1. Kindly indicate which of A:S83, A:S48, A:S79, A:S68 is of a type in the set (S, T, N, Q) and modelled with pLDDT under 90.
2. Out of the range A:4-49, which residues are of a type in the set (V, I, T), within 16 Å of ligand 2 (Cβ to nearest atom) and either crowded, with 17+ Cβ neighbours inside 10 Å or under 28 Å from B:F25 (Cα atoms) (or both)?
3. Would it be correct to say that B:A8 is facing chain A (nearest Cβ under 8 Å), at pLDDT 80 or above and in a helix (DSSP H, G or I)?
4. With (1) in contact with a Ser or Thr (Cβ under 8 Å, 6 or more places away or on another chain); (2) touching a residue at least 40 places away in the same chain (Cβ under 8 Å) as the list, and B:M33 as the residue in question, which single condition is left unmet?
5. I'm checking my understanding of the structure. Among residues of the range A:52-91 that are more than 14 Å from chain B (Cβ to nearest Cβ) and among the hydroxyl-bearing types (S, T, Y), which one is nearest to A:Y223 (Cα to Cα)?
6. Search the range A:14-34 for residues that are within 11 Å of another protein chain (Cβ to nearest Cβ) and pair each with any residue that is at pLDDT below 85 and more than 13 Å from ligand 1 (Cβ to nearest atom) when their beta-carbon atoms are under 8 Å apart and the residues are at least 6 apart or on different chains.
7. Got at least one residue in the range B:12-19 being surrounded by 15 or more Cβ atoms within 10 Å (Cβ to Cβ), outside any helix (DSSP H, G or I) and within 7 Å of chain A (Cβ to nearest Cβ)?
8. Is it the case that some residue within the range A:135-154 is modelled with pLDDT under 75, within 14 Å of chain B (Cβ to nearest Cβ) and surrounded by fewer than 17 Cβ atoms within 10 Å (Cβ to Cβ)?
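The values are calculated or read from the model by the stated rules, or taken from the named source; none is laboratory data. These figures come from a predicted structure and were not determined experimentally. Virtual Cβ from ideal backbone geometry, glycine too; neighbours counted across all protein chains shown.
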Amino acid sequence: MLEQVKDWDDDFYEKFKPIAMGFVNEAEKCLQCGKCTGQCPAAAVTPSYNPRKIIRDLVNGNLKRVLSSVELWQCFFCSGCFSVCPMDINFPFFVFMFRLAAMNEGYGWEDVKQLEGYAEKDYLRKGITVSTFERNPEVVETIGDISKIRMEAGLPPERKVSDRGLAEINMISDLSGMTSFMKKIGGVELLDCKTCNDEQAKRCKTKPLPSKVGKIKTKLRFYNYGEPGGKAHAEA
Amino acid sequence: MADNFLEAYGKETSRDVGTRTMNYFRELFSLEMPLGRMMKMMPGMIKFATASKDTREDLFKFMPQMMPMMKQAFTGKKEE
Ligand code: SF4
Ligand code: SF4
């Protein structure tokens, strides 16, 4: 099956602009020069990732391809593309918006769900915005846990947040709907490699994607920018 | 299971997906305050008010600014 240009939503971008409350820079001015891709660290390690192509598809309204892609989830918001873009296009902002839209379509939940343990445990209960728990075994081996580094520097292992600060974080989260969102993504626990048993380790490797999150039916993403029409499934 | 995104979407065009996405964004960024949304905010405010004397006082100071929004939520009408 081939992608059909007549499927694209030409008007989408114009309709989308006023909604984004002026944050959206004019992506239709993209020159397709590829400077963004050229300096993107994510594109350097994942060949199929290409910000330029994603911008093109956003402006053309090729939404099926963007929203169901793994590539949409490979940006890590360094904003390098924004800083080199001759037309001043804020690409990371688009990524942020379209990840929300992708989740609404049921794509990308396997990535988001991993945040749940952190969200409930560190953020809402302790007010810590950067988790001290390092999960990369290589980092733990060579540098150590973040809490250890903090202690060596004479700091408490975890940042202490005042009761008032905690109350504020909780209120803002409740008011903005963040808390209910965190509750909605609940289910997959963050496992600690140092303490987990065999069974947990197995579960960790085969992290199942829930079939539904709230009313949204979850789906597996595709590598849409590797080959035309998309190739294989992304591993959950 | 679908092999690529075109199969996954079947007969749906990007136009359908675009309409769905726009509806989602419109709801997400809407500045209106229906009752349901207001009720969702209540637990946060109660938690904040009961956290300490200091936070309670703070919230009450903010009340005059909240009133129009609350009225709008309960009556469904926007004040001029
Ligand atoms: S650097 Fe800017 S103008 Fe060039 S392709 Fe990327 S987004 Fe488009
Ligand atoms: S913000 Fe995202 S797309 Fe832009 S350079 Fe960084 S990783 Fe690449």
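1. Working: A:S83 fails: modelled with pLDDT under 90; A:S79 fails: modelled with pLDDT under 90; A:S68 fails: modelled with pLDDT under 90.
Only one candidate passes the filter, namely A:S48.
2. First pass over the range A:4-49, keeping only residues of a type in the set (V, I, T): A:5, A:19, A:24, A:37, A:45-46.
Filter again for within 16 Å of ligand 2 (Cβ to nearest atom), leaving A:24, A:37, A:45-46.
Residues satisfying the conditions are A:V24, A:T37.
3. Numbers: facing chain A (nearest Cβ under 8 Å): yes; at pLDDT 80 or above: yes; in a helix (DSSP H, G or I): yes.
So B:A8 fits the description; yes.
4. (1)
5. Only one residue fits best here, namely A:S79.
6. Pairs that qualify, where the first residue is within 11 Å of another protein chain (Cβ to nearest Cβ) and the partner is at pLDDT below 85 and more than 13 Å from ligand 1 (Cβ to nearest atom), are A:I19/B:F29; A:A20/B:F29; A:M21/B:F29.
7. In the first step, residues of the range B:12-19 are kept if they are surrounded by 15 or more Cβ atoms within 10 Å (Cβ to Cβ); the result is B:13-19.
The next check asks that each one be outside any helix (DSSP H, G or I); those that pass are B:13.
Then keep just the ones that are within 7 Å of chain A (Cβ to nearest Cβ); that gives B:13.
Within the range B:12-19, one or more residues are surrounded by 15 or more Cβ atoms within 10 Å (Cβ to Cβ), outside any helix (DSSP H, G or I) and within 7 Å of chain A (Cβ to nearest Cβ).
8. no
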